[in-house]
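Working notes, structure below.
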Amino acid sequence: MHIHRLEKVWLTFGIAMLAVFLTVLGAGSFALGLTPPDNHGLHAVDPVTVSEEPPFNIPGLVQAGDKVYNAYILAYAFGFSPEIMEVPRGAEIHFYITSKDVVHGFAIPRTNVNLMAVPGEINHVAYTFDKPGEYLVLCNEYCGLLHEQMAAKIIVK
Ligand code: CUA
């Protein structure tokens, strides 16, 4: 097969640019200390037994420090445990979310809290509620017939 000289030049240029791009991307990620996502120290969970073992056997709020709390929340078809949770205003709330059946959502409108509740995995986000009041928690992943009714409430005091 005959390759024109210009084609060869462009081919070489393309491969060189690809090598440069991958090198920059790799070196950049390494320099920033980027690693693949982890479970924030929590192991993967068995969705079948998750509701029988700590910490999800007693879902809810646990104080973890001065103005720091962990909120363990279990999603299921079609609700959340706990259904109502009181949290102190101004405290850092670390949400740990998992599901014991199918994929659900965990979204708090008017905040940037928006997670997937995945069976077998624990998702985490930290949020501080600065304003007291009632916050709705919604499932925003279609999960079945009663998806629309799947909700919970957070009361900030
Ligand atoms: Cu759970 Cu939609």
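Points worth noting:
- Only one of Glu83, Glu121, Glu52 that is within 16 Å of the ligand (Cβ to nearest atom), exposed (fewer than 13 other Cβ atoms within 10 Å of the Cβ) and not small (Gly, Ala, Ser): Glu83
- For the range 129-157, a residue qualifies if it is more than 15 Å from the ligand (Cβ to nearest atom) and outside any strand (DSSP E or B), and the qualifying residues are Phe129, Asp130, Lys131, Pro132, Lys157.
- Considering the range 86-117, and only residues there that are within 12 Å of the ligand (Cβ to nearest atom) and among the β-branched types (Val, Ile, Thr), the residue that is nearest to the chain's Cα centre (by Cα) turns out to be Ile97.
- Checking the stated criteria, Ala126 turns out to be in a strand (DSSP E or B), more than 9 Å from the ligand (Cβ to nearest atom) and farther than 11 Å from Phe78 by Cα.
Laboratory data are not the source of any read-out in this text; all were calculated from the coordinates shown. Note that the coordinates shown come from a computational prediction; the quantities given were computed from them, not determined experimentally. Using ideal geometry, Cβ is built from the backbone for each residue, glycine included, and neighbour counts are taken over all protein chains shown.
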